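Right, one structure below, let's go through it.
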Amino acid sequence: MSTSGGYTHPEYLVDAAWVDAHKDDANVVIIDCDVEAGYNRGHIPGAALVPDNFEKNPDTGRVHLMNAEQFTAMCQGLGIGDDSLVIAYDNSQSLTSARLWWALNTYGHSNVKVLNGGWRRWLTEGRVVSFDRTQAPSGVKFTAKRDDTLFISADDLKTACTLDNSVVWDVRSDGEWDGSAARGNKRVGHVPGAVHLEWFNLMDHQTHQFKPADEIRRILTENGITPEKNVYTY
């Protein structure tokens, strides 16, 4: 599906050639994680557009994942069933496609991969573009099995800040880190003792692909994010 590239879990990623060859497979569901305008400018043939609120719970606010009932309805509306292989992609250096990957794993659906390089890679390689809106098949069943072990509480994070074998990783922007950009939050700043490394430093900004594994390891190590530590991100 993709070259290993030295990654510990290369199966989380897929290349454009594989997607192109398997996009019509019965069990493959391709999800465009861009906004409506982006989807309308062209997308991978057969791709469905994810709702822009998939990571927001209307009942508890924008920073909380949909509840199980809401998430199930969304997945079934997109044609994602229990046996589906989901391919997620975006035009944002895998920002939103990785979030969908995480959300699906949180609800027990681990058969999901991110197109490494996303929409930019698809275009750069000269692959076919569609402008048709995909209609998801009916009768698809998705079973949400939420795994709360993928989350920690605020108290857990407070404890982690005091442990030598833990590192708290702030992946937000410089402005959010230093408090100059509130982004609608009531309070600004960062968790005391957290390491700041914005997520896109691990991406190749030209190709939108993840940087080579050895380079990512070097960057993480230079920031104190190492394999023997428990890593908490926000």
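Could you go through the stretch 92-110 and let me know if any residue there is of a type in the set (Phe, Trp, Tyr), closer than 25 Å to Gly38 by Cα and more than 14 Å from the chain's Cα centre (by Cα). Break it down stepwise before answering.
Keep residues of the stretch 92-110 that are of a type in the set (Phe, Trp, Tyr), which gives 101-102, 107.
If we keep only those that are closer than 25 Å to Gly38 by Cα as well, we get 101-102.
Restricting the remaining residues to those that are more than 14 Å from the chain's Cα centre (by Cα) gives none.
No, the conditions are met nowhere in the stretch 92-110.
Exactly one of these conditions fails for Val86: (1) surrounded by 19 or more Cβ atoms within 10 Å (Cβ to Cβ); (2) without any contact (Cβ under 8 Å) to a residue 40 or more places away in the chain. Give me its number.
(2) is the only condition that Val86 fails.
Among the residues of the stretch 134-151 satisfying the criterion of being of a type in the set (Gly, Ala, Ser) and surrounded by 10 or more Cβ atoms within 10 Å (Cβ to Cβ), which is modelled with the highest pLDDT?
As a first pass, look at the stretch 134-151 and keep what is of a type in the set (Gly, Ala, Ser): 136, 138-139, 144.
This time we only want the ones that are surrounded by 10 or more Cβ atoms within 10 Å (Cβ to Cβ), so: 136, 144.
Details: Ala136: 85, Ala144: 97.
It comes out as Ala144.
Within the stretch 167-189, count every residue that is modelled with pLDDT of 95 or more and farther than 30 Å from Asp15 by Cα.
Matching residues across the stretch 167-189 total 2.
How many residues are over 16 Å from the mean Cα position of the chain (by Cα) and part of a helix (DSSP H, G or I) if we restrict to the stretch 195-216?
Of the residues in that region, 4 qualify.
Look through Trp177, Trp169 and report the one residue that is in the same structural domain as Phe210 (by TED's automatic domain parsing), touching a residue at least 12 places away in the same chain (Cβ under 8 Å) and either more than 19 Å from the chain's Cα centre (by Cα) or in a loop (DSSP other than H, G, I, E, B) (or both). Even if it seems obvious, please write down each step before you answer.
Working: Trp169 fails: either more than 19 Å from the chain's Cα centre (by Cα) or in a loop (DSSP other than H, G, I, E, B) (or both).
On inspection, the qualifying residue turns out to be Trp177.
Restricting attention to the stretch 152-184, report how many residues are within 30 Å of Thr72 (Cβ to Cβ), loosely packed, with under 12 Cβ neighbours inside 10 Å and either touching a Ser or Thr at 6+ places or on another chain (Cβ under 8 Å) or polar (S, T, N, Q) (or both).
Adding up the residues that qualify gives 1.
Which ones in the stretch 112-129 are surrounded by 14 or more Cβ atoms within 10 Å (Cβ to Cβ) and more than 19 Å from His205 (Cα to Cα)? If you could, list the steps in order and put the result at the bottom.
To start, the set of residues in the stretch 112-129 that are surrounded by 14 or more Cβ atoms within 10 Å (Cβ to Cβ) comprises 112-123, 127.
If the condition is that a residue be surrounded by 14 or more Cβ atoms within 10 Å (Cβ to Cβ) and more than 19 Å from His205 (Cα to Cα), then Val112, Lys113, Arg127 are the ones that fit.
Take Leu95 and tell me if it is of a type in the set (A, V, I, L, M, F, W, C), surrounded by fewer than 16 Cβ atoms within 10 Å (Cβ to Cβ), touching a residue at least 12 places away in the same chain (Cβ under 8 Å) and within 27 Å of Asn201 (Cβ to Cβ). If you could, list the steps in order and put the result at the bottom.
Working: of a type in the set (A, V, I, L, M, F, W, C): yes; surrounded by fewer than 16 Cβ atoms within 10 Å (Cβ to Cβ): yes; touching a residue at least 12 places away in the same chain (Cβ under 8 Å): yes; within 27 Å of Asn201 (Cβ to Cβ): yes.
Here the answer is yes, as Leu95 does meet what is asked.
Which one of Gly126, Gly139, Gly118 is within 15 Å of the chain's Cα centre (by Cα), at positive phi and in the same structural domain as Cys75 (by TED's automatic domain parsing)? Talk me through it step by step, then tell me what you get.
Numbers: Gly126 fails: within 15 Å of the chain's Cα centre (by Cα); Gly139 fails: within 15 Å of the chain's Cα centre (by Cα).
The match here is Gly118.
Is it the case that some residue within the stretch 121-131 is farther than 30 Å from Gly5 by Cα, at pLDDT 95 or above and in a loop (DSSP other than H, G, I, E, B)?
Yes, that holds for at least one residue.
If I ask for residues that are at pLDDT 95 or above and of a type in the set (Gly, Ala, Ser), which ones from the stretch 3-25 would you list?
Ala16, Ala17, Ala21, listed by residue number.
The values are calculated or read from the model by the stated rules, or taken from the named source; none is laboratory data. Nothing here was measured: the structure is a model prediction, and the numbers come from that model. Every residue, glycine among them, receives a Cβ derived from its backbone with ideal geometry; neighbour counts consider all protein chains shown.
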